Amino acid sequence: MESLQKTKSRIKAVKNIGQITKAMEVVAATKMRKSQQVALNSRPYAFKALQLLSVLGKFSPVKTDLIRGRKIKKTLLVIVTSDRGLAGSFNSQVLRLVDSFLKSYAETKDDNLSVVAVGKKAISYANKKKLNLVSEFSGFGDFVLPSETNPLSEILIEGYLNKGWDRVMTISTHFRSTLKQEVLMRQVLPVDLEKIQHTINEIIPEHGKFSELRDSRFTIHDSELEYIFEPSPKKLIEGLVEHLMKMQIYDLILEANASEHSARMVAMKTASDNAKELSEKLNLEYNKARQAGITKELIEITSAVSALT
Amino acid sequence: MKLSIITLQGIKFEGEISSLNLKTTSGEITVLDNHRPLITQLAKGEAVIIKEGGEKVNFDIKSGFLEIGENNQATVLAN
């Protein structure tokens, strides 16, 4: 059995750690809610944009350079991870999917894969694997602004139009509910409008807070108005598709952010639970040691008394 | 007319206004009551909203769209 003092200091240390993890848990929970709220705020915009697109679609074919696909020779992969650790298996899950993608990619084609890394963990991963890193982003705050993700979307669009790559895939975490996130691989470019609509509906989590909004899903109304279009329906569609694609990237990052926080929250909850359990165990040990000490002393006293008499 | 300004961060303005001045890619326009349906692309610039009481509100726009629909309703999608 360890000495009393040692056990005491261990109890103290464990309690301290428990306090820290508890605090981190609470912070992560608050941030997660906020990220979800921010993501939800982008819905009216997305709905309106899709509605405009459906109106325009009647006057001009919805076929822009961003929608039209071509033969895929070069692929750009966007890896979205967090900047900070201590989020359980959040980053390793993303990187595991990247691993398996890279493996299957290496089997089929040669090495014309480019990578954009978002988050410090993805950057260090790409450097370690010596991937062809086109660009890297980190420091997207906890509540990303559209102006922060725009440089990322612009790189993706520009490279696509200049034939730097023929498709853009993203690997990021999809926030299904507080306790459930899954890593998904999605295609962002060429743009698939149905998928964007799907993404917009997916902003709402399946369970928990905000899930009641699920019923108010987006449907396109038919309108028979005679609009004037300036400059032209075709130009407008091009602009709208670009905006929608930027919105999709923005939502993707927000969703990864909410997932990061919820993963951290769960990890920290486990840590605090463990700390609590451990401190209870140590307390028992401490009391036992104390009791043993007292018993020993009593025996010594009584044996000394009986020797004297 | 009723105007809503919608951005990615939520609905920034909603209310009755008497006029709206905007820069579009094909020139500056002022929208008054009962404008006919229009969809146009906005250019970088400042939107000036004059509320029903005559109060002026300015709004920075980087890019976006303006839709004027039926029932005297205008929507600005802005970034």
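The values are calculated or read from the model by the stated rules, or taken from the named source; none is laboratory data. Given the structure is predicted, the values throughout are model-derived calculations rather than measurements. Methodologically, a virtual Cβ is constructed for each residue, glycine included, from the backbone with ideal geometry; neighbour enumeration extends over all protein chains shown.
Answer with yes or no whether B:THR24 is within 12 Å of chain A (Cβ to nearest Cβ), of a type outside the set (Asp, Glu) and free of Cβ contacts under 8 Å to residues at least 60 places away in the same chain.
On the way: within 12 Å of chain A (Cβ to nearest Cβ): yes; of a type outside the set (Asp, Glu): yes; free of Cβ contacts under 8 Å to residues at least 60 places away in the same chain: yes.
Spelling it out, B:THR24 is indeed within 12 Å of chain A (Cβ to nearest Cβ), of a type outside the set (Asp, Glu) and free of Cβ contacts under 8 Å to residues at least 60 places away in the same chain.
Scan segment A:251-268 and tell me whether some residue there is assigned to a helix (DSSP H, G or I), within 14 Å of chain B (Cβ to nearest Cβ) and within 30 Å of B:GLN73 (Cα to Cα).
Looking through segment A:251-268, at least one residue is assigned to a helix (DSSP H, G or I), within 14 Å of chain B (Cβ to nearest Cβ) and within 30 Å of B:GLN73 (Cα to Cα).
With crowded, with 18+ Cβ neighbours inside 10 Å and either in contact with a Ser or Thr (Cβ under 6 Å, 6 or more places away or on another chain) or not hydroxyl-bearing (Ser, Thr, Tyr) (or both) as the only criterion, which of A:LYS129, A:LYS120 stands out?
On the way: A:LYS129 fails: crowded, with 18+ Cβ neighbours inside 10 Å.
Residue meeting the stated conditions: A:LYS120.
Select, from B:ILE11, B:ILE6, the only residue that is free of Cβ contacts under 8 Å to residues at least 24 places away in the same chain, over 17 Å from A:LYS235 (Cα atoms), within 9 Å of another protein chain (Cβ to nearest Cβ) and in a strand (DSSP E or B). Give the steps one after another, and end with the answer.
Working: B:ILE6 fails: free of Cβ contacts under 8 Å to residues at least 24 places away in the same chain.
Of the residues listed, the single one that is free of Cβ contacts under 8 Å to residues at least 24 places away in the same chain, over 17 Å from A:LYS235 (Cα atoms), within 9 Å of another protein chain (Cβ to nearest Cβ) and in a strand (DSSP E or B) is B:ILE11.
Does A:LYS74 count as surrounded by fewer than 22 Cβ atoms within 10 Å (Cβ to Cβ) and touching a residue at least 24 places away in the same chain (Cβ under 8 Å)? So that I can check it myself, show each step before the final result.
Working: surrounded by fewer than 22 Cβ atoms within 10 Å (Cβ to Cβ): yes; touching a residue at least 24 places away in the same chain (Cβ under 8 Å): yes.
For A:LYS74, the condition - surrounded by fewer than 22 Cβ atoms within 10 Å (Cβ to Cβ) and touching a residue at least 24 places away in the same chain (Cβ under 8 Å) - is met.
Does A:LYS34 qualify as being surrounded by fewer than 16 Cβ atoms within 10 Å (Cβ to Cβ) and assigned to a helix (DSSP H, G or I)? First the steps, then the outcome.
Values: surrounded by fewer than 16 Cβ atoms within 10 Å (Cβ to Cβ): yes; assigned to a helix (DSSP H, G or I): yes.
Taking the combined requirement at face value, the residue satisfies it.
Yes or no: B:PHE59 closer than 25 Å to A:GLN248 by Cβ, surrounded by 15 or more Cβ atoms within 10 Å (Cβ to Cβ) and away from chain A (no Cβ under 14 Å)? If you could, list the steps in order and put the result at the bottom.
On the way: closer than 25 Å to A:GLN248 by Cβ: yes; surrounded by 15 or more Cβ atoms within 10 Å (Cβ to Cβ): yes; away from chain A (no Cβ under 14 Å): yes.
Judged against the criteria, B:PHE59 is a match.
Restrict the check to segment B:63-71 and report whether at least one residue is assigned to a loop (DSSP other than H, G, I, E, B), surrounded by 14 or more Cβ atoms within 10 Å (Cβ to Cβ) and within 11 Å of chain A (Cβ to nearest Cβ). I'd like the intermediate steps shown before the answer.
Initial filter on segment B:63-71 (assigned to a loop (DSSP other than H, G, I, E, B)): B:63, B:70-71.
Among the residues that remain, those that are also surrounded by 14 or more Cβ atoms within 10 Å (Cβ to Cβ) are: B:63.
Okay, now just the ones that are also within 11 Å of chain A (Cβ to nearest Cβ), so B:63.
Yes - at least one qualifying residue is present in segment B:63-71.
If you go through segment A:43-55 one residue at a time, do you hit one that is aromatic (Phe, Trp, Tyr), in contact with a Lys or Arg (Cβ under 8 Å, 6 or more places away or on another chain) and assigned by TED's automatic domain parsing to the domain that holds A:LEU133? Full working, then the answer.
Step one: list which residues in segment A:43-55 are aromatic (Phe, Trp, Tyr), which gives A:45, A:47.
After this cut, where a residue has to be in contact with a Lys or Arg (Cβ under 8 Å, 6 or more places away or on another chain) as well, the list is none.
Checking segment A:43-55: not a single residue is aromatic (Phe, Trp, Tyr), in contact with a Lys or Arg (Cβ under 8 Å, 6 or more places away or on another chain) and assigned by TED's automatic domain parsing to the domain that holds A:LEU133.
Please work out if A:HIS198 is under 18 Å from A:SER54 (Cβ atoms), away from chain B (no Cβ under 14 Å), modelled with pLDDT of 65 or more and loosely packed, with under 13 Cβ neighbours inside 10 Å.
Values: under 18 Å from A:SER54 (Cβ atoms): yes; away from chain B (no Cβ under 14 Å): yes; modelled with pLDDT of 65 or more: yes; loosely packed, with under 13 Cβ neighbours inside 10 Å: yes.
Considered against the rule, which asks whether it is under 18 Å from A:SER54 (Cβ atoms), away from chain B (no Cβ under 14 Å), modelled with pLDDT of 65 or more and loosely packed, with under 13 Cβ neighbours inside 10 Å, A:HIS198 comes out as yes.
Wholly within segment A:106-209, which helices (runs of 4 or more DSSP H) include no fewer than the required count, namely at least 1 residues that are touching a residue at least 24 places away in the same chain (Cβ under 8 Å) and within 17 Å of A:VAL241 (Cβ to Cβ)?
A:146-161, A:193-202
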